[in-house]
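Take a look at the structure set out below.
The values are calculated or read from the model by the stated rules, or taken from the named source; none is laboratory data. Since the structure is predicted, the reported quantities are computational estimates derived from the model, not experimental observations. Glycine gets a Cβ as well: all are built from the backbone with ideal geometry, and neighbour counts include every protein chain shown. Surface areas here come from the heavy atoms of the whole protein model, side chains and all, with no ligands, DNA or RNA. Shrake-Rupley method; radii C 1.70, N 1.55, O 1.52, S 1.80 Å.
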Amino acid sequence: MARSARRKLKLMERVRVRSAEERMQHILDERTERLAARRDTTTSPAEALLRALVCGTGGERFGLPVETVAEVLPPQKCMPVPDGPPALIGLFGRGGRLVSVIDLALALGLEPSSAENENQHFVLLRREQPQVALRVERAYAVEDILPLTGDDATGFRNDAVTGYGKLPSGPDGQDETLSLLDTERLLRPFLPTSLVPGV
């Protein structure tokens, strides 16, 4: 009787050990699969995608980082600013505050569209003081942009252009290149020195 009980205990011990080993192996297998899946889905730092609002102006496309954009508005009637820089096209009121409107094409030294039309947009930037909107010919959509590196990303024509990116959803399925903008650098010439970060 005692022998059979001992035999049963040994058998149960072996089953318990084996099942613990199997459980451990199962857990390790699951972790390995999860790590392999994570490695497949993550892109390398060189291929990290940026989220940007794609805008068109001056016959070109630009990407504004989404974190700098508060809202896209239809064009507003603006009050002109006497003796202001040519790119500062005027002011309009919003929520009891004045918003300065800067034409993106003029700010970048491009030829703006000759006529104002209802397709234009004002891109209100996410900043407190002063509030600024960029007038663009068209705000298209928020897209994932693949930044270009190496020789493709050199030769910036303007301080506000921080790089170039590829838009995979261009017309006819072709990749489209656009300029990536830094809004604070873009606004620097229009702001008093005391309001420019890092100055």
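Sorting 98, 181 by solvent-accessible area of protein heavy atoms yields 98, 181, largest first, with a 1.4 Å probe.
Using a 1.4 angstrom probe on the protein heavy atoms only, line up 57, 162, 177 by accessible area, largest first.
The residues order as 177, 162, 57, largest area first.
With θ taken as phi - 60° and the Karplus curve 6.51 cos²θ - 1.76 cosθ + 1.60 applied, the whole-hertz 3J(HN,Hα) list for segment 52-62 is 9, 7, 8, 10, x, 6, x, x, 10, 10, 9 Hz, x standing for glycine and proline. Calculated over segment 56-127, the projected area of the Cα convex hull averaged across directions stands at 5.3 nm². Around the amide H of residue 145, modelled in the peptide plane, lie the amide H atoms of 50, 51, 52, all under 5 Å away and 5 or more residues distant in sequence or on another chain.
Put simply, the amide H of residue 70, placed in the peptide plane, has neighbours under 5 Å in 124, 125, 126, leaving out anything fewer than 5 places away on its chain. The amide H of residue 61, built 1.01 Å from its N in the peptide plane, has 179 as neighbours under 5 Å, considering only residues 5 or more places off or on other chains.
Electrostatic tally near residue 133: other residues with Cβ closer than 12 Å to its Cβ, Lys and Arg +1, Asp and Glu -1, net +3. Ordered by solvent-accessible area of protein heavy atoms (1.4 Å probe), largest first, the residues 102, 27 come out as 27, 102.
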